[in-house]
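Only the coordinates and a few stated rules stand behind these numbers; no lab work does. Computed from a predicted structure; not experimentally measured. Positions of Cβ are generated from backbone atoms using ideal geometry, with glycine treated the same way; all protein chains shown enter the neighbour counts.
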Amino acid sequence: MGNSRILIVDDDPHLRKTLSGILELKGYEPHAVGSGADGLAWLEDNAASIAIIDLGLPDMNGIEVLKKVKAAWPATGIIVLTGNASLDSAIEATNWGAFSYILKPYEIDLLMLNIRRAIEKQRTDEALRVSEKRLKLALATSQMGVWEWDPVTNHVYRSEETIAILGDRSVDWTLASFKGLLYADDAGSVIGAFERAVAEKAVYNVEYRIVRPDGQVRWISDIGRAEYDKEDRPIRMVGTVQDITDRKRAEQELIDRQEAVKTMAMQLSIAEERKRYRIAEDLNDQILPKLVLSKMRVNALRKLIPEGGGDDSIGSVKTLIGQTIADMRALIFQVRPPLLADAGLEAALKGLAQEFLDNYGLKVEVTDDESLKPLNYETRSAIFQTVRKLLLNVVKHAGTQNAWISIKKSGEMIDIKVEDNGSGADPSSFPSDKSRSGGYGLFNIKSRIEYLGGEVQIDSSPGSGTRVFITAPLDTTPAAEEQ
């Protein structure tokens, strides 16, 4: 119970003495005075949890004392104890904040019950004030505001923080006022989310833009939930708003930087592709013919030496040159597949199908609409590498020996479909990073095709095979069309 102080203001000395004794036995700290002025003077220097006030005081009306106490010490609970009861005084006392109104002669049990309840209410109110203060501090620290919507009046209460975030200090604020702030492109989705949350008893949680009255466009995070009566009618909706403009800007800056890095990586990849292509061309057109000629001359020189005429050093040189030629041809084929470079994508994909049949036993059927489909080498190479990676996935994961490639022209785009009838998979399970065996994973090749203006889409599910659709722009420059 503690040592709660109780002020007794009553002109009856016998009541003051008796009631003080009882309160002391109950563990309270009573202080009794005989006039309103003495009671107010004591409160100037002392705090009281409860003030028990008689209405018929010698110096002033008890209601006046009640008013002064509530004005100066609003947390003090008031119990009116009077022998001159009336309906008017009871109503007036209650309106001015009295906790209870008890008639004399009083029943001590009833009075003690009211004292306990008044103290409990005081402690509850104090805890609530502390909680509200903490909440307000937390909201201010996190730059969040509170709002409450009344479905009956359509009025929206806004905390001072909410008003500052929205930038609209209009007094009569309604749901229509809120809708009027919404950025045009976001209005439909926000209003739809709000109405669904109310209808489905769900959490309303959206991020959207507003246009403040001062013209600023701000990003807002808005979270709320409605309360309902027994007939499932919304009685109010309470929520919080937070200005997330800085976060959105930081996110966009990060996305922009990532896109810039991605673009630079793609540019570097294409530049390297072009460099490899030129190196392969130089090897094929300049270095390789010289090696072949060197081999022919070494072979001719060897014929001039009679058999048994010493060691076969020339034969060793010939063998070394032959191996170098074979290695160089293999390197050129890997860096710049001759079919892809000279005969075009369609021929290269048919050659790839034969390669997979010979090496893996995978039967790949290639169909082509035979239309002219001019492509620059970077696009041809990106598509070729993508199809190769897809066929390797079929060999490794699909559990089938059949695949199909279709090639056709669609407007100014080339459309390629790679399909198998294997086990299928969740598209998210496809490789998304650099493959362990080296080279570029499917994700990197896909990004490269997208950088070149194309697109890769995967349609797959367990048990239904996999279909990958590749589109890329044709080379519509006059030189390409003429070639």
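Projected onto the charge dipole of the chain (+1 at Lys/Arg Cβ, -1 at Asp/Glu Cβ, origin at the Cα centre), which of Ala85, Met296, Tyr28 gives the Cα projection farthest towards the positive end?
Working it through, the farthest residue towards the positive pole turns out to be Met296.
Divide by every residue of the chain the summed helix terms, -39500 (n - 2.57) for each DSSP H run of at least 4, and state the resulting mean residue ellipticity at 222 nm, rounded to the nearest 500 deg cm²/dmol.
-16000 deg cm²/dmol
If you stretched the chain out fully between Met112 and Ala300, how much longer would it get, using 0.36 nm times the residue separation minus the C-alpha to C-alpha distance?
Length difference between fully extended and current span is 54.9 nm.
Quote the charge dipole size of region 249-335 about the Cα centre in Debye, to the nearest 20; the model charges only the Cβ of Lys and Arg (+1) and of Asp and Glu (-1).
The calculated dipole for region 249-335 is roughly 380 debye.
Sort out for me the Cα centre separation of region 179-201 from region 372-415, rounded to whole Å.
44 Å
Looking at the square roots a ≥ b ≥ c of the eigenvalues of the Cα gyration tensor of the chain, which shape do they give, rounded for a/c under 1.5, prolate if a/b is larger than b/c, or oblate?
prolate
Farthest toward the dipole's positive end in the chain, which of Thr174, Ile53, Val146, given Cβ charges of +1 (Lys, Arg) and -1 (Asp, Glu) about the Cα centre?
Final value for the positive-end residue is Val146.
Using the crude model of +1 on Lys and Arg Cβ and -1 on Asp and Glu Cβ, and no other charge, please compute the dipole size for the chain relative to its Cα centre, in debye to 20.
1860 debye
Pairs Lys68/Lys121; Lys408/Lys446; Lys396/Lys446; Lys262/Lys389; Lys26/Lys133: which are spaced more than 30 Å apart, C-alpha to C-alpha?
Listed pairs above 30 Å: Lys26/Lys133.
Considering only Ser464, Gln122, Ile405, whose Cα is most displaced toward the positive end of the charge dipole of the chain, charges sitting on Cβ of Lys, Arg (+1) and Asp, Glu (-1)?
Ile405
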